[in-house]
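Report on the structure given below.
Derivation of every value follows stated rules applied to the coordinates shown; laboratory data play no part. The model shown is predicted, which means the values in this text are computed figures rather than measured ones. Counting neighbours? That spans all protein chains shown, and the Cβs are built from the backbone with ideal geometry, glycine included.
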Amino acid sequence: MSEHRSGFACFVGRPNAGKSTLTNALVGTKVAITSSRPQTTRTVVRGIVHRPDAQLILVDTPGLHRPRTLLGQRLNDLVTTTWAEVDVVAVCFPADQKIGPGDRFIVTELAKSRRTTTFAIATKTDLVDPGRVAQHLLDIAKLGEQTGTDWAEMVPVSAKSGDQVALLADLLVANLPEGPQLYPDGELTDAPEEQIAAELIREAALEGVRDELPHSIAVVVEEMALRPGRPEHKPLLDIHANLFVERDSQKGIVIGHRGKRLKEVGSDARKQIEAMLGVPVYLDLRVKIAKDWQRDPRQLRRLGF
């Protein structure tokens, strides 16, 4: 009988490298918010993969980038402290993009932490032909040589089509230490429900405003509780949340003409939260202004960064 393994793996990469989509594919459900916009992830989400032989806890980190704001610096610090605490660090390199300075920056930083086990993952392989994937893997190998990084595994995957996702799970598990389960069966993430709700609201808000708003939206769930006095078979979860933007003009964009856009955001977010938490939701959203919050330490604290 082989021993049970348990431990932590962390995906890193520049913004929009496919880290969150891969986390969701491995866990088999949505635990990390994904968006076609870079820098969507702002918190470290743990997705938990349960297997008879192992428990793999995936730590999803914000994309590492050269910071321009205090928020950016804090997000980067979060990434580097996470690296020091996990068993495997897997760097994601999207196959539809050439290896660039951002990738070199990450791998160079990672080399400083002297981690024993480092994987290279070529993500988004469904977007390119096999010849391009082969060249991409050669480029990743070369980057490893130039930075003194010894890749324990190099794995091309497509989280969208599921190609090689199971293989990646096996390889990650093989590099975990032997140990007991760390989380109860059936638990898929250790993120608190308020945080999940806030992230899903933020995702819905971002989808609506594509390129008009950069990352100036923060969401704080002020109150979340089952409505009192409801029969047990008909629960209703009341969620009151504030969306913070940095300027008046952004507030107008989020609310939309006669509140139309905010209604859509609320409706999309409500469906996602209901699917995730398995209970009907009443969602009350307000849009507020926190002037230049990405650069203000006091406001960053208040918004949970």
Practice problem: Could I have the simple spin-label model distance between Asp185 and Lys160, label points 7 Å from Cα toward Cβ, reported in nm to one decimal? | Solution: 3.6 nm
Self-check item: Net lengthening on full extension, Ala174/Glu264 (0.36 nm per residue, minus Cα-Cα)
Solution: 28.0 nm
Quiz item: What share of the DSSP beta bridges in segment 191-297 is antiparallel, in percent to the nearest 5?
Solution: 45 percent
Quiz item: Taking the Cβ-Cβ separation of Asp96 and Glu194 as r and a Förster radius of 51 Å, what is the calculated FRET efficiency to the nearest 0.05?
Solution: 0.90
Quiz prompt | Extended-chain gain in nm, criterion 0.36 nm per residue less alpha-carbon gap, Glu274 and Asp53 | solution = 76.4 nm
Quiz item: Arg230 label point, 7 Å along Cα→Cβ, cut-off 19 Å on backbone N: hits in segment 239-280?
Solution: 239-242, 266-280
Quiz item: At a Förster distance of 25 Å, what's the computed FRET efficiency of Leu167 paired with Thr147, Cβ-Cβ distance as r, to 0.05?
Solution: 0.50
Quiz item: Can you flag which of Lys19/Lys251; Lys112/Lys288; Lys19/Lys234; Lys234/Lys260; Lys234/Lys291; Lys19/Lys112 are past 32 Å Cα-Cα?
Solution: Lys112/Lys288; Lys19/Lys234; Lys234/Lys291
Self-check item: Sequence-separation-based contact order of segment 99-175, relative, with Cα cut under 8 Å and 6+ spacing, percent
Solution: 36 percent
